[in-house]
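A short worksheet on the structure shown next.
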Amino acid sequence: MLDSDSLKRAQDQGKADHRQFQDIGYTRITDQIKKVPKGSVVLEDGSIIPGYPSIARIQALDPGLSKQFAGPFWAEEKMDGFNIRIFRHGEQVYALSRGGFICPFATDRMLDLLDEGIFQDHPDLVLCAELVGPDNPYLEGHSPQVQEDVGLFVFDMMEKNREGFLTQSRRMELLDQYALPRAEIFGRFTAGQRPEIADLILRLDEEGKEGLVLKPEDQGQRAKYVTGRSNTYDFSVTGQGLLDLPPEYFTNRLLRMGLFMAEHGQQQDHERLAELGHALMLGLFRGIDISRRQSRVGSLYRCRFNRRDSADAFIRHIEETGGDRVKVYKGMPKRQGDYWLLEFERVHQRMTGFLNQALQGGRQFD
């Protein structure tokens, strides 16, 4: 627990930020305070929603598995989506972003995606989940499991005011008891079963999926290992923002791709190499086409809300956090069937400037 004086000092030092969402006030922890990690949220009653920790990746199954896991571990699917933590406060269920903002979109859609009855029986429970699908307003691209709107996949559980996660057995028990939507759990393995893990990751690779999260039974340090094609897919959906992403975004994925192909004997797989080259250029060609049509380069997002005021709150949120890069289309949100539809664009400012000058015949110095 953090007392009010500690929170006040943290705010004065720029390590915490007080926010208000509808009727709930909360404080985001933006830099670790004592044992409370970054991304945690302190509610007005003093209870803490723990931040979700970063998970390191391994780049090679051999010797990565034996080096990282002395005992058994569970292999679960890593989903390509938006990380949220779901909790109940009073009579309302809320969803937090990784950075500790209450997300108006995810909170609004919980009614469609989750049976909230679990919180009646377990009021201190925090569900860690991935919001996945093409109508996700945060990410370009999506996992193949959800082809329309959004879906929810629970992959971890915490409790308020407690460090760490629920044990694997307890989490699986609650997943089954409440029929919660879940990331797929492939089973329990040891480092000696490297061939079985390799077969599994290659199957996920062929299916165009993201990869694996490996979790020890003792709830110690986890690791993630991604498929090769997940990197190719990232290139294909982000290339139009080539200059607006840090160079490491692309070089890290090239390195991951090279290491993956080398480990699995794919160095001479010319079809995969051609896929990579195509993906690298696809987004750039898309950006050039968009620039020619509208003199700016951006990525279009769409999402649906149950309530108009939730859509309005989300607009305020993205304008606050995205500044002049966010362009909400005229007439939004608008009623579409049972939902309020919101369409908006995140403008790639550096790419816009570069292509405008290049396509208009301007001079550029390398």
Residues located in segment 88-131, provided they are open to solvent by less than 10 Å² (accessible area, probe 1.4 Å) and outside any strand (DSSP E or B) | G100, C103, P104, F105, A106, R109, M110, I118, F119
In segment 183-202, which residue that is open to solvent by 80 Å² or more (accessible area, probe 1.4 Å) and touching a strand residue (DSSP E or B) at 6+ places or on another chain (Cβ under 9 Å) is nearest to A60 (Cα to Cα)?
-> E196
Counting only strands (runs of 3 or more DSSP E) entirely within segment 305-366, those with at least 3 residues that are touching a Lys or Arg at 6+ places or on another chain (Cβ under 8 Å) are 339-347
Considering each of L61, L65 in turn, give the residue that is closer than 22 Å to A223 by Cα, crowded, with 21+ Cβ neighbours inside 10 Å, touching a residue at least 60 places away in the same chain (Cβ under 8 Å) and aliphatic (A, V, I, L, M).
-> L65
Residues in segment 237-253 that are open to solvent by 50 Å² or more (accessible area, probe 1.4 Å), closer than 21 Å to F354 by Cβ and either touching a helix residue (DSSP H, G or I) at 6+ places or on another chain (Cβ under 7 Å) or not acidic (D, E) (or both): how many?
-> 7
Restricting segment 203-236 to residues that are out of contact with any Asp or Glu (no Cβ under 7 Å at 6 or more places or on another chain) and of a type in the set (S, T, N, Q), the residue that is most open to solvent (accessible area, probe 1.4 Å) | Q221
Identify, by number, the condition in (1) small (G, A, S); (2) assigned by TED's automatic domain parsing to the domain that holds L65; (3) at pLDDT 95 or above that G265 doesn't meet.
-> (2)
Qualifying position, being more than 20 Å from the chain's Cα centre (by Cα) and either at pLDDT below 95 or basic (K, R) (or both), among R170, R229, R182, R222 = R170
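The values are calculated or read from the model by the stated rules, or taken from the named source; none is laboratory data. The structure presented is a predicted model; accordingly, all values stated were derived computationally and were not measured. Glycine also receives a Cβ, built like all others from the backbone with ideal geometry; neighbour counts cover every protein chain displayed. For the accessible areas, the whole protein counts, side chains as well, though only heavy atoms, and no ligand, DNA or RNA atoms are used. Shrake-Rupley method; radii C 1.70, N 1.55, O 1.52, S 1.80 Å.
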